[in-house]
Amino acid sequence: GDLTITPTNVKLADLTLTGIAAGSVFAPGSAGSATWDVTAAQMAIITASGATTVTISNASQLPIGAGLTLIVNDAAGAGLTIGGAASFKYPSATAPALSGTATNEVLVVSFIHTGSGNLIASNVTVS
């Protein structure tokens, strides 16, 4: 929802916020391909089905340092391709992948926007 501050002359240093901030989630469900508009949702949860492609759109419109999370559930031996950003930087220059053999495998990929639509990523796979 929206944040309303009354009175309007509150100093930021005097403001205390509590609770958990929850961003929007893009959840197309089971997808062979999906386009994730990262200006509308900071998290995507997708169930991979066969050869699955996730295309990230509008990354260049994010502020530098913005974080994104992609959660991919493997339905049954699916493959994954991530595309759409100006460039991706992965650990050891290796894009995250589903093993294709584990049942109920979950891949979590975290991205940080470094400017001009460039994303650096780290990932972990659990099964």
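For segment 35-43, the Karplus equation 6.51 cos²θ - 1.76 cosθ + 1.60, evaluated at θ = phi - 60°, returns couplings of 10, 9, 7, 6, 7, 9, 8, 8, 9 Hz by residue, with Gly and Pro reported as x. Here the simple spin-label model places points 7 Å from the Cα toward Cβ, and for Ala66 and Ala86 these points are separated by 1.3 nm. Here the translational diffusion coefficient of segment 34-119 follows from Stokes-Einstein with Rh set to the Kirkwood radius across Cα pairs; for 25 °C and 0.890 mPa s it amounts to 187 µm²/s. Computed extension gain for Ile45 through Asn104, at 0.36 nm per residue and net of the alpha carbon distance, reaches 19.8 nm.
Values in this text are rule-based calculations from the coordinates and carry no lab data. Because the structure is predicted, anything quoted here is derived from the model rather than measured. Counting neighbours? That spans all protein chains shown, and the Cβs are built from the backbone with ideal geometry, glycine included.
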